[in-house]
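S.K.: Sharing a structure here in structure tokens format.
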Amino acid sequence: MKSYNYKHKSGFQKRKQKEELEKERNKLTKIGLFFQIIPQEREIEIELEQESVPEATVGSSSSLANASPSPSRNSNGEGGYLEERDSEAPAASSVACADISGTNSNREDENMEEREIISVSTFHEYPTDMGHFPESLDSNVKRYIVSMGSCKPTVPFPRDREQDNGCFTTAYYVCKTKSGLELPWTWLCYSPQLNVAYCEPCWLFATLTWKTNNWQNVWRRIHQHETSTAKSCMCGI
């Protein structure tokens, strides 16, 4: 078994060791104080910065209030007029875009309907027959009808038993004067689809359409319409 001999320190050695411990303790104390002082100084700087921000905000807000036509203010110190104007701008632009898109959509639908009406009529033997078109006509459809020419068929016409087998004839397309001169009724047309005689200018441009299938009195009705004011105005167009 080993034995350890403990050497007692002299008084000089103990005093020296105590002095060294005191020096080390003083160093640690200074270091601790240094790290405590730095956060305190940083906090003071932050507080100063925070105190300076409201002053700048108040100054800028007052200048905005003087420049703005509205004296109202919001919680952020900014003019309420500017905020209201900015909030309304997107709403107005969105409404304008919606109106434009809606208008374009309606135009596309109308153009498609016009193309369908015209394309369907071209498959018929008489494409400008009034019976192939709806009551309301668009200007493009009217131009198409005028460019294709009037519906004046010359085929045999169906007879009506209830009118003593009366029917339309090609003789109604012309008017014989007292001197024997034949003048065409340019406005008179016949619809094989509806089996009626009608005035094309009135159909296209007037609010009321003249048409008849009274074959027993058709001559008289044609002459009456020829001299009528409404027909004269429509043919003048």
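Please treat every number below as a calculation from the coordinates, not as lab data. Remember, predicted model here, so these are calculated numbers, not experimental data. Glycine gets a Cβ as well: all are built from the backbone with ideal geometry, and neighbour counts include every protein chain shown.
S.K.: Does residue 153 fit the bill of being in contact with a Pro (Cβ under 8 Å, 6 or more places away or on another chain) and in contact (Cβ under 8 Å) with a residue 60 or more places away in the chain?
M.R.: no
S.K.: How many residues are surrounded by fewer than 16 Cβ atoms within 10 Å (Cβ to Cβ), in contact (Cβ under 8 Å) with a residue 24 or more places away in the chain and not aliphatic (A, V, I, L, M) when one looks only at region 126-149? So that I can check it myself, show each step before the final result.
M.R.: In the first step, residues of region 126-149 are kept if they are surrounded by fewer than 16 Cβ atoms within 10 Å (Cβ to Cβ); the result is 131, 134-136, 138-140, 142-143, 146-149.
This time we only want the ones that are in contact (Cβ under 8 Å) with a residue 24 or more places away in the chain, so: 131, 138, 140, 142, 146.
After this cut, where a residue has to be not aliphatic (A, V, I, L, M) as well, the list is 131, 138, 140, 142.
Of the residues in that region, 4 qualify.
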